[in-house]
Amino acid sequence: MNAARIASLASMLSLALSLQFFWAAAVADTHRDLSYTYIRVNGSTGEIDHRDSDSFGVAASFAFSDELYLTAAHTKTDIDLYSANVDSERQRLGVGFHTELGNRTDFITEVVYTNAKLTFDQKLTEDNSDGDPASAIAEREEDTSGREHGYELTLGVRAMAGESLEFQVGARYIEIDGHTETTGYIAADYFISDKLSLGVRYEKSENSDAALFNARYHF
């Protein structure tokens, strides 16, 4: 992890810690505890290197002590490149730790093993400038094969702001097969019942951004 990445991660964490003081002032009368045992489905739309992308994912979290929880996720992303469509699949499995910063406000950190696989659906276009039969467009699938492995480190803050509204802010450092990325995120979830919440999330890195929509069921 180079100095620039460390500085970026530190600045995002500083923002997260600053925002938690604002949230702490707003949660004095809430009675809902933060949950670390749930399942979540989400979809997103955004851009990667200025190319459109869409994704769908399923995630789960399971608290096995007062401060520790397991986290797992599977995400499939479609990227529309200029000459090809790219399908990306990523799995995540790791452990998280949370500790109370204030009233219904937690600091969280997660260490996660991750692997990813890319599959290309390449489009080959041949233009016939002599006017002979119309242009032929062939498509072929090419599997890049081999999964790439790495890890993720997440630092963030979760807080309840009232009885039904939860906020999150944080940063995630990702390294997969030598490629690194630092992503900042902010999210809000609204509880429509004791067990079910609906949420929105925005993620931003140097080369990508995405808006996510999710539904979470809490146990």
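For the range 57-77, enumerate the residues that are in a strand (DSSP E or B) and either surrounded by fewer than 15 Cβ atoms within 10 Å (Cβ to Cβ) or of a type in the set (A, V, I, L, M, F, W, C) (or both).
If we filter the range 57-77 for residues that are in a strand (DSSP E or B), which is where we start, we get 57-63, 68-77.
Once the filter is applied, which keeps residues that are in a strand (DSSP E or B) and either surrounded by fewer than 15 Cβ atoms within 10 Å (Cβ to Cβ) or of a type in the set (A, V, I, L, M, F, W, C) (or both), the range 57-77 yields VAL58, ALA59, ALA60, PHE62, ALA63, LEU68, LEU70, ALA72, ALA73, HIS74, LYS76.
If you go through the range 87-99, how many residues are more than 20 Å from ASN42 (Cβ to Cβ) and either surrounded by 16 or more Cβ atoms within 10 Å (Cβ to Cβ) or touching a residue at least 60 places away in the same chain (Cβ under 8 Å) (or both)? Write out each step before concluding.
Narrowing the range 87-99 to residues more than 20 Å from ASN42 (Cβ to Cβ): 95, 97-99.
Those still in the list that are either surrounded by 16 or more Cβ atoms within 10 Å (Cβ to Cβ) or touching a residue at least 60 places away in the same chain (Cβ under 8 Å) (or both) too: 98.
Number satisfying all stated conditions: 1.
For GLY102, only one of the following conditions fails: (1) under 26 Å from HIS149 (Cα atoms); (2) surrounded by 15 or more Cβ atoms within 10 Å (Cβ to Cβ). What is its number?
(1)
Hey, can you tell me all the residues within the range 78-88 that are over 10 Å from PHE120 (Cβ atoms) and either outside any strand (DSSP E or B) or modelled with pLDDT of 95 or more (or both)?
Selection gives TYR82 alone.
Within the range 173-198, which residues are touching a residue at least 40 places away in the same chain (Cβ under 8 Å) and closer than 20 Å to GLU47 by Cα?
Across the range 173-198, the qualifying residues are TYR173, ILE174, GLU175, ILE176, THR180, THR182, GLY184.
The values are calculated or read from the model by the stated rules, or taken from the named source; none is laboratory data. Being a predicted model, the structure only gives us computed values, none of them experimental. Virtual Cβ from ideal backbone geometry, glycine too; neighbours counted across all protein chains shown.
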